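Novice: My structure is below; once you've seen it, I'll send some questions.
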Amino acid sequence: MKSVFVLDHLHTHEDGEECWKKIGIYETYNAALEAIERLNKQPGFSDFPELIDYDNPNCKSGFNIDEYELNVDHWEEGYITS
């Protein structure tokens, strides 16, 4: 299995609106962590410099790393627009 690690940053505004920023795609989890170390002191990112803790409902902003297996459909169902 070959996979990549996608690094995003989320800023959730007070009104609940989410602003996601795609940072990059990395070969290893550690490479994504190294990118966080490079970026977490930059304007905007420094306001929420840590990984999001999804077990903490009060932690709604920060960095996020997702692992994606290559050559796999990760969204297999359709979607509805309103």
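The values are calculated or read from the model by the stated rules, or taken from the named source; none is laboratory data. Nothing here was measured: the structure is a model prediction, and the numbers come from that model. For neighbour counting, all protein chains shown are included, and Cβ atoms are generated from backbone atoms with ideal geometry for every residue, glycine included. Ligands, DNA and RNA are excluded from the accessible area calculation, which covers all protein heavy atoms including side chains. Shrake-Rupley method; radii C 1.70, N 1.55, O 1.52, S 1.80 Å.
Novice: So Glu34 passes all but one of these: (1) assigned to a helix (DSSP H, G or I); (2) charged (D, E, K, R); (3) surrounded by 15 or more Cβ atoms within 10 Å (Cβ to Cβ). Which condition number does it fail?
Specialist: (3) is the only condition that Glu34 fails.
Novice: For the structure I just gave you, tell me whether Phe63 is in contact (Cβ under 8 Å) with a residue 24 or more places away in the chain, touching a Ser or Thr at 6+ places or on another chain (Cβ under 7 Å) and of a type outside the set (Val, Ile, Thr).
Specialist: no
Novice: Now a separate question. Kindly indicate the residue of segment 1-18 that is farther than 22 Å from Asn58 by Cβ and more than 11 Å from the chain's Cα centre (by Cα) and also surrounded by the most Cβ atoms within 10 Å (Cβ to Cβ) among those meeting that condition.
Specialist: Among those residues, the one meeting the criterion is Val4.
Novice: Mind counting the residues in segment 63-79 that are part of a loop (DSSP other than H, G, I, E, B) and either of a type in the set (A, V, I, L, M) or open to solvent by less than 80 Å² (accessible area, probe 1.4 Å) (or both)?
Specialist: Of the residues in that region, 3 qualify.
Novice: Considering each of Lys21, Lys60, Lys41 in turn, give the residue that is outside any loop (DSSP other than H, G, I, E, B), open to solvent by 60 Å² or more (accessible area, probe 1.4 Å) and not β-branched (Val, Ile, Thr).
Specialist: Lys21
Novice: What is the residue count in segment 46-57 for residues that are aliphatic (A, V, I, L, M) and part of a loop (DSSP other than H, G, I, E, B)?
Specialist: 1
Residues are listed down the side, and each one gets a yes or a no for (1) touching a Gly at 6+ places or on another chain (Cβ under 8 Å); (2) at pLDDT 95 or above; (3) among the hydroxyl-bearing types (Ser, Thr, Tyr); (4) more than 19 Å from Trp20 (Cβ to Cβ):
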site: Ala35; (1), (2), (3), (4): yes, yes, no, no
site: Leu39; (1), (2), (3), (4): no, yes, no, no
site: Gln42; (1), (2), (3), (4): no, yes, no, no
site: Phe45; (1), (2), (3), (4): no, yes, no, no
site: Pro49; (1), (2), (3), (4): yes, yes, no, no
site: Cys59; (1), (2), (3), (4): no, no, no, no
site: Gly62; (1), (2), (3), (4): no, yes, no, no
site: Glu69; (1), (2), (3), (4): no, yes, no, yes
site: His74; (1), (2), (3), (4): no, no, no, no
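Novice: Among the residues of segment 44-57, what is the count of those that are open to solvent by 90 Å² or more (accessible area, probe 1.4 Å) and closer than 15 Å to Leu7 by Cβ?
Specialist: Counting residues in segment 44-57 that are open to solvent by 90 Å² or more (accessible area, probe 1.4 Å) and closer than 15 Å to Leu7 by Cβ gives 1.
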